[in-house]
Amino acid sequence: MDMITENKVVPKLRFREFNDYWNNYLLGNIAEFLKGKGISKSELDDDGKTECIRYGELYVYYNELIDEVKSKTNLENTVLSKANDVIIPASGETQLDIATCSCVLRSGIALGGDLNIIRTKNNGLFLSYYLNSKKKFDIARLSQGSSVVHIYASQLKKLNLNLPSLIEQKKVASFLSAVDEKLKQLTKKKELLEDYKKGIMQKIFSQEIRFKDDNGNNYPNWEEGKLNELVSTPISDGPHLTPKFIEDGVPFLSVNNIVDNKIDFKNVRTISYENHLEFSKKCKPIKNDLLLGKAASVGKIAIVETDIEFNVWSPLAMIRIKEIYESKYFYFCFQTQTLQKRIKNFINSSSQGNIGMGDIGKLIFEFPKSKEEQKKITTLLSSIDKKIESVNHQLEKTKEFKKGLLQQMFV
């Protein structure tokens with residue numbers, strides 16, 4: 001390797017058996033550069049003989065490590081990978097988007113057009129993690145263009161890197177790939193639980209599965225009714241006021257704060273206190289209220305788990321359903337494919353592309369006549385939700401852990 005200088009730099013976080021300095025190199029001095037060959041979408045084949053990677057897939061399907069490949073093709077005369085290759089898009093929508101690197105762990109995979117291929121004797125996986133984190137902004141600055149951003153091998157060659165020994169590179173890469181494997185397992189576990197919940201809900205709300213009472217007897221047959229017949233307070237969307245957003249004010253819930261059927265308080269915007277007083281007359285959520293998206297995100301549903309002291313909600317984007325008996329049961333009802341399809345039928349017949357209070361009130365629900373059976377349904381589904389939340393919490397914590405590692409293990 002052609003070293004530029006001995007910078008005498010070391011990362012903040014390091015394995016204790018290493019203590020020598022990291023050295024400075026130009027990427028062009030430690031790698032050769034190739035270009036992928038075009039593979040169109042029409043040239044993909046699920047039964048193709050050659051696995052392939054198209055540049056757009058880097059943004060959607062892959063992270064720093066590629067060991068399982070999504071697509072296949074029957075194209076011949078393609079550019080094939082060698083294990084340890086690092087690939088990076090040659091074009092993208094934004095400068096930061098284009099700074100997206102992956103290491104291909106296997107040889108013989110066809111690499112599509114608009115892909116820069118970096119082939120090096122250094123550890124490609126280490127390089128992929130490094131370029132995707134500490135060097136992301138440096139790569140972005142090297143790119144060119146406005147509406148479409150490009151980066152070429154001639155620019156990537158100028159990238160300054162600080163690299164340790166090959167032994168340390170391998171250890172860092174192995175450690176980070178183990179963290180990625182944990183993320184992969186947690187993501188799969190979450191997906192399986194979500195699929196399980198969907199399957200159970202389908203069987204419960206189609207009455208394929210029925211509960212029995214404590215004596216082993218059947219509960220009464222289910223009933224059917226319109227939503228506006230099941231609430232003791234009219235369905236409302238509050239006064240149509242325009243929120244006046246300020247940097248430091250009173251929290252204001254919008255439909256964007258409904259994430260995975262929960263109220264997400266992470267990115268809540270705030271309004272002035274005076275504006276809040278105007279909204280709070282009719283738009284202050286209380287425990288067990290249902291908030292339903294009516295405009296841009298029609299059908300998104302959340303239940304207010306506890307009384308929220310200061311928040312108000314957006315009547316321009318949401319409908320409030322309150323004082324409905326066993327609201328948690330109807331919260332789960334709204335998540336079913338059947339109810340979501342009924343909501344979409346109202347949208348399709350609306351010239352405004354949203355759903356109004358009158359249409360919501362007409363929604364037909366099937367529900368157990370026995371409140372005990374309703375509670376058994378909500379208890380079961382709530383227990384599955386808690387498992388999903390637990391796995392999601394582990395997933396988010398592991399993502400934060402990885403983010404901290406990437407910030408501290410490179411220079």
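Details
- Just one of (1) of a type outside the set (Lys, Arg); (2) farther than 24 Å from residue 314 by Cβ; (3) not in a strand (DSSP E or B) fails for residue 224. It is (3).
- Any hit, the range 216-234, residues being of a type in the set (Val, Ile, Thr) and more than 18 Å from residue 376 (Cβ to Cβ): yes
- Selected residue (criterion: nearest to residue 274 (Cα to Cα)) from residues of the range 238-252 that are part of a strand (DSSP E or B) and open to solvent by less than 30 Å² (accessible area, probe 1.4 Å): 250
- Residue within the range 219-237 that is farther than 22 Å from residue 361 by Cβ, modelled with pLDDT of 85 or more and open to solvent by 90 Å² or more (accessible area, probe 1.4 Å) present: yes
- Counted as qualifying within the range 312-411 are the helices (runs of 4 or more DSSP H) with 1 or more residues that are more than 17 Å from residue 204 (Cβ to Cβ) and not polar (S, T, N, Q), namely 337-348, 357-362, 371-408.
- Screening 85, 45 for residues that are crowded, with 23+ Cβ neighbours inside 10 Å, free of Cβ contacts under 8 Å to residues at least 60 places away in the same chain and either of a type in the set (Asp, Glu) or farther than 30 Å from residue 146 by Cβ (or both) leaves exactly one candidate, 85.
- Residues of the range 253-277 satisfying the condition of being under 25 Å from residue 392 (Cα atoms) and either over 27 Å from the mean Cα position of the chain (by Cα) or in a strand (DSSP E or B) (or both): 253, 258, 259, 262, 263, 269
- Selection within the range 148-167 - under 14 Å from residue 33 (Cβ atoms) and either of a type in the set (S, T, N, Q) or surrounded by 13 or more Cβ atoms within 10 Å (Cβ to Cβ) (or both): 151, 152, 153, 154, 155, 156, 157, 159
- So residue 90, is it hydrophobic (A, V, I, L, M, F, W, C), touching an Asp or Glu at 6+ places or on another chain (Cβ under 9 Å) and in contact (Cβ under 8 Å) with a residue 12 or more places away in the chain: yes
- Criterion: surrounded by 14 or more Cβ atoms within 10 Å (Cβ to Cβ) and either in a strand (DSSP E or B) or hydrophobic (A, V, I, L, M, F, W, C) (or both) - qualifying residue of 200, 209: 200
- Residues in the range 373-411 that are modelled with pLDDT of 95 or more, open to solvent by 50 Å² or more (accessible area, probe 1.4 Å) and closer than 28 Å to residue 228 by Cβ: 376, 379, 380.
- Within the set 129, 196, the sole residue that is within 17 Å of residue 408 (Cβ to Cβ) and not acidic (Asp, Glu) turns out to be 129.
- The set of residues in the range 253-265 being open to solvent by less than 20 Å² (accessible area, probe 1.4 Å) and hydrophobic (A, V, I, L, M, F, W, C) consists of 253, 255, 258.
The values are calculated or read from the model by the stated rules, or taken from the named source; none is laboratory data. Source: prediction; values computed, not measured. We place every Cβ from the backbone using ideal geometry, glycine too, and count neighbours over all the protein chains shown. Side chains are part of the model used for accessible areas, which takes the heavy atoms of the whole protein and leaves out ligands, DNA and RNA. Shrake-Rupley method; radii C 1.70, N 1.55, O 1.52, S 1.80 Å.
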